[in-house]
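Everything on this sheet refers to the single structure shown next.
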Amino acid sequence: MKIENAVVLVTGANRGIGLEFARALLARGARKVYAAARNPATVTLAGVQALQLDVTNAEQIAAAAHQAADVTLVINNAGIAQPGGFLAQDSEAVTRRIFETNFFGMLNMSKAFAPVLKANGGGALINVLSVASWLNGSELAAYSASKSAAWSLTNALRHELAAQKTQVLGLHMAYVDTDLTRGFDVQKSSAEDIVQRALDGLEAGADEVLADVLTQQVRQGLAAPRPVYLPPAN
């Protein structure tokens, strides 16, 4: 899919990776960019059309699909995280809250906009995932689980939407220098680099973009031989 002349909706577009997507899309010649955020007043980038959208709110998703009926590309970027492991006292509540945004928000956005994309010739979805799709430690346990589920969702959507010629791209990256990772003392990629690689991959027809070296290494490690338990033959 080509960005030039595309009509794009970006969730969580008021900051971080979402804001960088909006900037890059305008620079690449997108005809219109809907910049969606829970509070549209926080969208300050010139040249975009602010749109109120909480991806956990079914009514707002339906309203967005009606208002943005000309969309040809949806970027499911909105996401939340909270430190902590699964044995923490509040882990169930935290996990439910994170899944509502990171998994069910992506699912419901994809369902609402699939008919819109079909009506406009197929278009594409970009689902913003993570290297945490394949790793989980105690620091961000619920977040990692939600991204693993979102990766599975992305792979299923790719098959389900193939008949209507909708490209589905999963974007994976490790730490990116945004508000979400401000408290982590680790090496981080720039949001600009991640977004440029994502859009290059989209235009090249890719199914997945592994946007940094660490993510590429982890993905390759998944294919390495691992011990497997086989029950003894009777």
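Data overview
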quantity: Accessible-area ranking of Met109, Met1, largest first, probe 1.4 Å; calculated: Met1, Met109
quantity: Segments 76-86, 6-16, 198-208 sorted - mean Cβ within 10 Å per residue, highest first; calculated: 6-16, 76-86, 198-208
quantity: Dipole of the chain [Lys/Arg +1, Asp/Glu -1 at C-beta], most positive-end residue of Gln52, Gly137, Ala88; calculated: Gln52
quantity: Given charges at beta-carbon only (K, R positive; D, E negative), |dipole| of region 1-103 in Debye; calculated: 380
quantity: GNM top mover of Gln49, Gln89, Gln217 - the chain, alpha-carbon springs below 10 Å; calculated: Gln89
quantity: All lysines inside 23 Å of Lys188 as judged from Cα atoms, apart from same-chain residues fewer than 8 positions distant; calculated: Lys147
quantity: Nearby aspartates and glutamates by direct alpha-carbon distance to Lys2 (threshold 13 angstrom, same-chain neighbours under 8 apart not counted); calculated: Asp200, Glu203
quantity: Residue-averaged [θ]222 nm for the chain, counting only DSSP H segments that reach four residues, each worth -39500 (n - 2.57); calculated: -12000 deg cm²/dmol
quantity: Trypsin sites (Lys or Arg not before Pro) lying in DSSP loop within region 137-173, provided at most 15 other Cβ fall within 10 Å; calculated: Lys165
quantity: Within region 1-69, GluC sites (Glu not before Pro) in DSSP loop having at most 15 other beta-carbon neighbours inside 10 Å; calculated: Glu4
quantity: Cα long-axis angle, helix 213-222 against the chain (0 to 90 degrees, to the nearest 10); calculated: 50
quantity: Assigned charges on the beta-carbon of Lys, Arg, Asp, Glu; the chain dipole about Cα centre (debye); calculated: 380
quantity: In sequence order, calculated HN-Hα J values of region 42-50 (Karplus, 6.51, -1.76, 1.60; Hz; x Gly/Pro); calculated: 7, 8, 10, 5, 5, x, 9, 9, 5
quantity: Bridge type composition, region 1-54 - antiparallel percent by DSSP, nearest 5; calculated: 0
quantity: Using alpha-carbon coordinates, inclination of helix 16-27 to the longest axis of the chain, degrees; calculated: 40
quantity: Net +/- balance of residues flanking Asn108 in space, Cβ distance below 14 Å, scoring K and R +1, D and E -1; calculated: -2
quantity: Relative contact order (percent, whole number), the chain, Cα cutoff 8 Å, 6+ residue spacing; calculated: 18
quantity: Whole-Hz couplings from phi, Karplus 6.51/-1.76/1.60, listed for region 55-60; x for Gly and Pro; calculated: 6, 9, 10, 4, 5, 5
quantity: Separation in nanometres of the label points that stand 7 Å from Cα toward Cβ, at Gln220 and Gln187; calculated: 1.4
quantity: Per-pair calculated FRET efficiency, R0 = 22 Å: Asn39 and Lys111 via Cβ, rounded to 0.05; calculated: 0.35
quantity: Straight-distance crosslink candidates among aspartates and glutamates, where the alpha carbon sits under 17 Å from Lys111 and sequence neighbours closer than 8 are dropped; calculated: Asp54, Glu59, Asp70, Glu100, Glu160
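The values are calculated or read from the model by the stated rules, or taken from the named source; none is laboratory data. In this text, all values refer to a predicted model and were calculated from it rather than measured experimentally. Here the Cβ is made from the backbone with ideal geometry for all residues, glycine too, and neighbour counts use every protein chain on show. Protein only, heavy atoms only, side chains kept; ligands, DNA and RNA dropped before computing areas. Shrake-Rupley method; radii C 1.70, N 1.55, O 1.52, S 1.80 Å.
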